[in-house]
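The following block contains the structure, expressed as structure tokens.
The values are calculated or read from the model by the stated rules, or taken from the named source; none is laboratory data. The shown structure was predicted, so the numbers you read here are calculated from the model rather than taken from an experiment. Note that we place each Cβ from the backbone using ideal geometry, even for glycine, and neighbour counts take in every protein chain shown. The accessibility values were calculated without ligands, DNA or RNA, using every heavy atom of the protein model including side chains. Shrake-Rupley method; radii C 1.70, N 1.55, O 1.52, S 1.80 Å.
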Amino acid sequence: MSRKGLILFLMAGLAWGVPYLFIKFAGHEFSNASIIFVRVLVGALVLLPLAAMRKSLMIAVREWRWVLVFALLEMVGPWWLITEAERHVASGLAGLLIATVPFFSLPIAYFLGDKSVTHPKTLFGIGIGFAGLILLVGIDSFAGHIEPLYVGFIVLSAIGYAVAPAIAAQKIRHVPSEGMIGLSMAMVAVIYAIPAAFTLPGDIAKGPTFGGWASLVGLGVICSAIAFVVFFALVKEIGSARATLITYPNTAVAILLGVLVASEQFTLGMAIGLPMVAVGSYFASRKH
């Protein structure tokens, strides 16, 4: 991986490791529909003026059909499925299931012509990184009754996360990322506007704290607008399949933030799993 690719990989891993913490704080004060609506609305308000200024918005508008497909597979479907599933599935198990995205991305990339994804070092990296994730989330995450329906919800989300970047890389690669993501977030905001109309006024009436509002803004600016732009710069640098490997450091970042900010316990599994995730991500994301 080039130096630029490594920097983008780390930035994307950090930006999409933070949402779990923001959602945890925002979830105490806002409903799911409100969180998703405000998140994409803020992201769209950040990116659409930038896209218009760079004259990339109209390029995205001309490809609105593929942008809508991307929005449905990457945001509309997965965000609802994951939100619903996490009411019934332990968060550690949910994180581990989301980290299966590369397992779906690699065969898609191979089918689309990228034969390098089957290189032994790539497969070794995926394996060692996933083993590290199992140590990170801990065996305790699997304790208790597991409901197959909601596990299926998360797996469907992982498939969406794998397919959406591949479609974007194949069909709308020429569309600048700020235009594509800005327009897709605007589309998602329109879709979620109806359910949010029923929940957001009540949430606001309860008097959310500054921390709750700040979490929503952080989700929109850092975890949506900035994260997606960085991610698609990474896709152009190392390919859509390898770019989805950020789900590995994402989980690691989320767990570290839980320890540092939310006073969660640091375990032996984390001490062993973190370097394994780092090593696995390095080997799996390199072009061989």
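Rounded to the nearest 20 Debye, what is the dipole magnitude of the chain about its Cα centre when Lys and Arg each give +1 and Asp and Glu each give -1 at the C-beta?
1060 debye
Which percent of the accessible heavy-atom area of the chain goes to carbon and sulfur, probe 1.4 angstrom?
With neighbouring chains kept in place, the figure for the chain is 72 percent.
What are the lysines whose alpha-carbon lies under 25 Å from the alpha-carbon of LYS121, with same-chain residues fewer than 8 places away excluded?
Excluding near neighbours in sequence, the set is LYS4, LYS236, LYS287.
When all protein chains stay in place, what accessible area (Å², nearest 10, 1.4 Å probe) is found for ARG87?
150 Å²
Could you check the simple spin-label distance between PHE111 and ILE7, using points 7 Å along Cα→Cβ, in nm with one decimal?
About 3.6 nm separates the two model spin labels.
If you don't mind, another one. Hey, what number do you get for the chain at 222 nm if only DSSP H runs of n ≥ 4 count, each worth -39500 (n - 2.57), divided across all residues, to the nearest 500?
Theoretical 222 nm ellipticity from helices: -24000 deg cm²/dmol.
Given a 1.4 Å probe, how much area per residue of the chain is accessible, in Å²?
Counting only protein heavy atoms, the per-residue value for the chain is 46 Å².
State which helices in the chain qualify, where a helix is a whole DSSP H run, it must extend 24 Å or more along its own axis by its Cα atoms, and its mean Kyte-Doolittle hydropathy must be at least -1.0.
32-53, 120-137, 148-171, 177-205, 268-285
Compute log10 of I(q)/I(0) for the chain with the Debye formula, placing one identical point scatterer on every Cα and leaving out solvent, at q = 0.07, 0.08, 0.10 Å⁻¹, to two decimals.
-0.24, -0.32, -0.51
Let me ask something else about it. Relative contact order, percent, of the chain when contacts are C-alpha pairs under 8 Å separated by at least 6 residues?
That works out to 44 percent.
Does segment 154-277 classify as rounded, prolate or oblate by the C-alpha gyration tensor (a ≥ b ≥ c root eigenvalues; a/c under 1.5 gives rounded; else a/b over b/c gives prolate, otherwise oblate)?
Verdict is oblate for segment 154-277.
Please give the Cα centre distance for segment 161-187 versus segment 200-273, rounded to the nearest Å.
20 Å
To continue, here is another question. Of all chymotrypsin sites (Phe, Trp or Tyr not before Pro) in segment 217-271, which ones are in loop regions per DSSP and have a Cβ with at most 15 other Cβ atoms within 10 Å?
Hits after loop and neighbour filter: PHE266.
Figure the gain on full extension for ALA271 and ALA193 (residue separation times 0.36 nm, minus the Cα-Cα span) and round it to one decimal in nm.
Separation in residues times 0.36 nm, less the Cα-Cα distance, equals 23.8 nm.
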